[in-house]
Amino acid sequence: MPTIFISEPLTPEASFDPLAMSRGEPGLPAKFRWRERELAVAEVLETWRDYGDCKHGSGERYLRKHCFRIRTADGLVLRIYFQRTFGRSRPAARWWLHSMGE
């Protein structure tokens, strides 16, 4: 399956990982809702973080996203992320489906 760019919000539906949350990271939910479909996390294949420069020119770098490549219970490979943006421009959704495929 080729990679398909999606960029749509996900709704977390099941329990979160309390161990990750105790480290200050988002707790990856066991299930998400996307459109009308339930996506159950079966396996975490990869994790990484995306950083960005300060928007006010200070030279500092900030953690922007916690990213995950996961396999769902029905075999889909998804790239999802947790958006950490704060302030007035904060998006309503925090979890996003970036893409689907290998």
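The values are calculated or read from the model by the stated rules, or taken from the named source; none is laboratory data. The structure presented is a predicted model; accordingly, all values stated were derived computationally and were not measured. We place every Cβ from the backbone using ideal geometry, glycine too, and count neighbours over all the protein chains shown.
Results, tabulated for the structure shown:
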{"item": "GLY27 being in contact with a helix residue (DSSP H, G or I) (Cβ under 8 Å, 6 or more places away or on another chain) and either surrounded by 10 or more Cβ atoms within 10 Å (Cβ to Cβ) or touching a residue at least 12 places away in the same chain (Cβ under 8 Å) (or both)", "result": "yes"}
{"item": "Test set (1) touching a Cys at 6+ places or on another chain (Cβ under 8 Å); (2) modelled with pLDDT under 75 - TYR62 fails condition number", "result": "(2)"}
{"item": "Qualifying residue in segment 13-22 (condition: touching a Phe, Trp or Tyr at 6+ places or on another chain (Cβ under 8 Å), of a type outside the set (Lys, Arg) and assigned to a strand (DSSP E or B))", "result": "no"}
{"item": "Breaking point among (1) at pLDDT below 90; (2) under 14 Å from the mean Cα position of the chain (by Cα), for PHE82", "result": "(1)"}
{"item": "Extreme residue, nearest to ARG84 (Cα to Cα), among residues of segment 25-57 that are basic (Lys, Arg) and at pLDDT 85 or above", "result": "ARG49"}
